[in-house]
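Here's the structure, in structure tokens; my notes come after.
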Amino acid sequence: MKIKKGDTILVIYGKYRAKTGKVLRAFPKGNKILVEGVNIVKKHQKPRKSGEKGQVIEMPSPINVSGVKLICPKCGKATRVGYKIVNNKKFRICKKCSQEI
């Protein structure tokens, strides 16, 4: 998967199109990512201790990685990700400015 935890992304389709956010967690097996402020769902939580009230929590839900583009930290544009191998080390590169991410 080309997008990793800590990357800044841009959502390119769906209800949250044109929103940007930071990747909180990546799920490579499911090809999904968790992004802060995107795909917010409400979860009803029942009380755990006696005397505590139940509550409704808003939390982000995973979205498919195919619906997002990485924002390059160098040029600041939404871009595709490529790879470059130098001295048996693999680096991610921006397809627009060809700089290492």
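From the list Lys4, Lys49, the one residue that fits, being in a loop (DSSP other than H, G, I, E, B) and within 22 Å of Ser98 (Cα to Cα), is Lys4.
Residues to consider are Gly82, Gly37, Gly30, Gly21; find the one that is in contact with a Pro (Cβ under 9 Å, 6 or more places away or on another chain), assigned to a strand (DSSP E or B), small (Gly, Ala, Ser) and free of Cβ contacts under 8 Å to residues at least 60 places away in the same chain.
Gly21
No value in this document is a laboratory result; all are computed from the given coordinates. Source: prediction; values computed, not measured. All Cβ positions, even for glycine, are placed from backbone atoms using ideal geometry, and neighbour counts span all protein chains on display.
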